[in-house]
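Let me begin by presenting the structure, written as structure tokens, before commenting on it.
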Amino acid sequence: MIDLLAPAIISCVVAFAVVFVMTPPLIKILEKRNFAVKDVNKKENVMVVRPGGPAIIAGIITSELVLYAFFQMNEILAILITTSAAFAIGYVDDRKVMGGWFKPVALAVAAIPIIALGAYDSDLAFPLFGTVQIPALYLALIIFMIPITGNTINSIDVLNGVASGFMVIASFSLSICLFIVQNYEIAIVSLPLGFVSLAFYKYHKIPSKIFPGDSGALTFGSMYGAIAIVGGVEIIAAVALLPAVINSFLFLSSVKRIVEHRQIKGKPVEHTDDFRLKATDDKKAPVTLVRLILARGPMSEKQVAFAIFKLAIFSGILAIITAFMMGVSI
Amino acid sequence: MKSGLFGFLFAMWVLIIIGGGILVTILGPISIFGFGELDLFITSVIKAIVALVLVVIWIFILLKIKNWIFKKELKL
């Protein structure tokens with residue numbers, strides 16, 4: 001355990017420092033190229049640059065390479081390749097508007113390195129009841145998991161700071177859970193995700209100076225999914241991600257098909273005169289997490305973001321309880 | 001609303017644990033014999049079908065819980 005301390009500290013410092021230092025010049029470059037979009041939740045005509053994905057992936061690649069120098073594990077390579085592929089998919093979507101099916105299908109392909117490198121255990125572990133062996137079914141689970149986690153984080157990237165702030169809470173909860181189930185090496189491999197998210201949150205929090213874009217959100221979500229698979233904590237990871245899962249579930253159950261947000265006609269949320277957020281009564285609009293939070297009355301963007309963070313903390317606690325329950329059998 | 005969302009989260013968590021119990025105790029032990037080399041394949045197909053049915057039931061229950069918790073707020 002002690003011999004893991006140095007790699008853990010070095011990789012976390014590298015992860016945080018790379019994103020913290022690289023994001024301001026990235027903002028300047030994006031401003032120069034006029035890669036900016038209107039922040040729709042601001043009264044004034046505020047333009048915010050995107051995507052922040054290049055800074056995020058740089059932090060992840062450098063920190064994971066540092067860890068690979070210490071432990072030559074296939075699991076690290078699998079996480080790196082899958083996450084980098086997810087970044088590339090997101091970057092294509094940032095530059096060119098792709099169809100609703102592009103991201104799920106491309107992310108399913110991005111999951112293949114995990115299978116090719118054999119960086120998984122086909123036993124699926126459940127709290128209280130033990131494990132179930134599903135060798136063939138587990139391959140399908142891998143293929144489905146990366147698109148689900150990637151798109152789930154992407155779908156929650158709707159307000160200033162929410163995607164990165166949510167990722168800070170979910171990924172640190174997952175790291176704590178990995179320590180609880182005594183998977184120390186993967187716990188350390190997972191830590192850079194939390195530090196990268198934390199460094200990016202500094203620039204993404206309200207008022208945002210940069211948006212992560214699809215490249216940033218898919219990078220966050222896919223790395224989270226890859227860690228869950230190689231760490232054998234799929235169920236715990238799903239629990240920590242529940243608020244974002246609810247958002248996707250509500251969206252899909254109301255829209256009843258896979259579509260891009262930009263293809264939706266109805267608006268789930270509108271603004272009051274003082275530019276607070278308010279749920280609409282539009283029957284064509286999808287039901288979303290933000291719409292449910294706002295159902296009892298208007299709130300500021302910051303209040304909604306903190307409401308989502310409280311839900312994330314609640315699910316993080318449930319995930320930690322689930323991790324403790326993994327050691328108990330009935 | 002917020003307490004409703006916390007309740008919905010908790011309900012999802014309980015469903016995950018119960019679903020896990022069903023998978024481990026019922027789905028896990030299923031094995032089919034008598035088809036030679038196809039035994040593993042047929043077993044996997046049956047497990048996949050049962051798992052899909054469970055997922056559909058899980059989504060149906062979640063929709064019912066969602067409508068029950070949020071029926072006042074979702075006037076849709």
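The values are calculated or read from the model by the stated rules, or taken from the named source; none is laboratory data. All values reported here derive from a predicted model rather than from experimental measurement. For neighbour counting, all protein chains shown are included, and Cβ atoms are generated from backbone atoms with ideal geometry for every residue, glycine included.
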Review point. Quick one: is B:L23 closer than 28 Å to A:V233 by Cα, within 10 Å of chain A (Cβ to nearest Cβ) and surrounded by 17 or more Cβ atoms within 10 Å (Cβ to Cβ)?
Key: yes
Exercise for review: Filter the range A:18-41 for residues that are part of a loop (DSSP other than H, G, I, E, B) and of a type in the set (A, V, I, L, M) and give the result.
Suggested key: A:V40
Practice item. State all residues of the range A:306-318 that are crowded, with 17+ Cβ neighbours inside 10 Å and facing chain B (nearest Cβ under 9 Å); if no residue qualifies, say none. Key: A:A307, A:L311, A:F314, A:S315, A:L318
Review point. Among the helices (runs of 4 or more DSSP H) confined wholly to the range A:203-321, which include 2 or more residues that are at pLDDT below 90?
Key: A:242-255, A:289-293
**Study point:** Tally, over the range A:275-290, of residues that are more than 10 Å from chain B (Cβ to nearest Cβ), surrounded by 15 or more Cβ atoms within 10 Å (Cβ to Cβ) and in contact (Cβ under 8 Å) with a residue 60 or more places away in the chain
**Key:** 3
Point to revise | Pairs with Cβ under 8 Å, 6+ apart, first in the range B:41-58 and aromatic (F, W, Y), second in a helix (DSSP H, G or I) | key: B:F41/A:A136; B:W58/B:L15; B:W58/B:G19
Exercise for review: Identify, by number, the condition in (1) out of contact with any helix residue (DSSP H, G or I) (no Cβ under 7 Å at 6 or more places or on another chain); (2) closer than 18 Å to A:A108 by Cβ; (3) among the small types (G, A, S) that A:A226 doesn't meet.
Suggested key: (1)
Exercise for review: Within the range A:215-238, identify whether any single residue is under 27 Å from A:G130 (Cα atoms), without any contact (Cβ under 8 Å) to a residue 12 or more places away in the chain and out of contact with any Asp or Glu (no Cβ under 6 Å at 6 or more places or on another chain), and answer yes or no.
Suggested key: yes
Review point. How many residues are within 8 Å of chain A (Cβ to nearest Cβ) and either closer than 30 Å to A:S254 by Cβ or of a type in the set (K, R) (or both) if we restrict to the range B:28-70?
Key: 8
Check your understanding: If you go through the range A:111-137 one residue at a time, how many are over 22 Å from the mean Cα position of the chain (by Cα) and over 17 Å from B:G21 (Cβ atoms)?
Key -> 8
**Study point:** Any chance A:L241 is under 30 Å from A:K96 (Cβ atoms) and within 15 Å of the chain's Cα centre (by Cα)
**Key:** yes
Revision key, fill the gap. Subset of the range B:6-20, residues more than 13 Å from the chain's Cα centre (by Cα), touching a residue at least 24 places away in the same chain (Cβ under 8 Å) and either more than 18 Å from B:W58 (Cα to Cα) or at the interface with chain A (Cβ under 7 Å from one of its Cβ atoms) (or both), comes to B:F8
Review point. Going by the structure shown, is B:I32 touching a Pro at 6+ places or on another chain (Cβ under 7 Å), among the aliphatic types (A, V, I, L, M), free of Cβ contacts under 8 Å to residues at least 60 places away in the same chain and surrounded by 15 or more Cβ atoms within 10 Å (Cβ to Cβ)?
Key: no
Check your understanding: If you check every pair at least six apart or on different chains, which have Cβ atoms under 9 Å apart with a residue in the range A:108-122 that is closer than 11 Å to A:T82 by Cβ first and a residue that is in a loop (DSSP other than H, G, I, E, B) second?
Key -> A:P113/A:A119; A:I114/A:Y120; A:A119/A:M73
Exercise for review: Would you check if there is a residue in the range A:137-148 being hydrophobic (A, V, I, L, M, F, W, C), modelled with pLDDT of 95 or more and within 22 Å of A:L292 (Cβ to Cβ)?
Suggested key: no
